[in-house]
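The values are calculated or read from the model by the stated rules, or taken from the named source; none is laboratory data. Nothing here was measured: the structure is a model prediction, and the numbers come from that model. Glycine gets a Cβ as well: all are built from the backbone with ideal geometry, and neighbour counts include every protein chain shown.
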Amino acid sequence: MERLAGWRAMGLGHAVGIVTGASWGFSWSLARLIAPRLAPCSALLLVARSVAVLEQLEGELCVHGLPANLASDDGPQRLVKVTWELRRDGPMERLLLVNNAGERTVPRHTLDTPGCK
C-alpha cells in the first residue's frame with residue numbers, strides 16, 4: 001500500500017507524453033494515471049483511431065487527442081508534427097512514449113485452449 005501512495009505522489013515534471021492505442025485497455029488506463037502527474041505546461045498526446053473516445057478523454061483529462069492510424073502512410077508523420085508543436089512551449093525534462101497501438105485480435109492458439117472461448 002505504501003508503494004501505491006508513493007506512485008500517486010510522484011510527479012513527472014515538465015514533459016511531453018505520447019500514448020498510442022489510447023482508446024481502450026492498458027493505454028486508456030495509463031493515460032488516466034499519467035495526466036494528473038504532469039507539471040503545468042506539460043502536454044500529453046493521446047493517439048487512437050477512435051475520435052469519440054479521444055474527445056471524451058480530452059474533456060476529462062485536459063490532454064491533446066490525435067485521431068490517427070499509425071499503420072497508415074501519414075499517421076506517423078502527423079504524430080511527429082503534432083509532438084513537435086507541443087514541445088515548442090518550453091524546455092522539456094522528459095519525453096514519455098507508450099507505444100501500445102495495435103489490433104485487438106485474439107491469437108488463434110488461444111481459441112483452442114479450454115476456457116478461452
Answer residue from the stretch 1-23, given it is surrounded by fewer than 21 Cβ atoms within 10 Å (Cβ to Cβ) and assigned to a loop (DSSP other than H, G, I, E, B) and is modelled with the lowest pLDDT among those: Met1
Conditions (1) closer than 20 Å to Asn100 by Cα; (2) modelled with pLDDT under 90; number of the one not met by Leu30: (2)
Can you find even one residue in the stretch 75-86 that is part of a loop (DSSP other than H, G, I, E, B) and of a type in the set (D, E, K, R)? no
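Looking only at the stretch 24-60, how many residues end up being assigned to a helix (DSSP H, G or I) and surrounded by 17 or more Cβ atoms within 10 Å (Cβ to Cβ)?
Let us first name the residues in the stretch 24-60 that are assigned to a helix (DSSP H, G or I), namely 25-37, 51-60.
Those left that are additionally surrounded by 17 or more Cβ atoms within 10 Å (Cβ to Cβ): 27-28, 30-31, 34-35, 37, 53-54, 57.
Within the stretch 24-60, residues that are assigned to a helix (DSSP H, G or I) and surrounded by 17 or more Cβ atoms within 10 Å (Cβ to Cβ) number 10.
Given the structure, is Leu45 touching a residue at least 40 places away in the same chain (Cβ under 8 Å) and in contact with a strand residue (DSSP E or B) (Cβ under 7 Å, 6 or more places away or on another chain)?
yes
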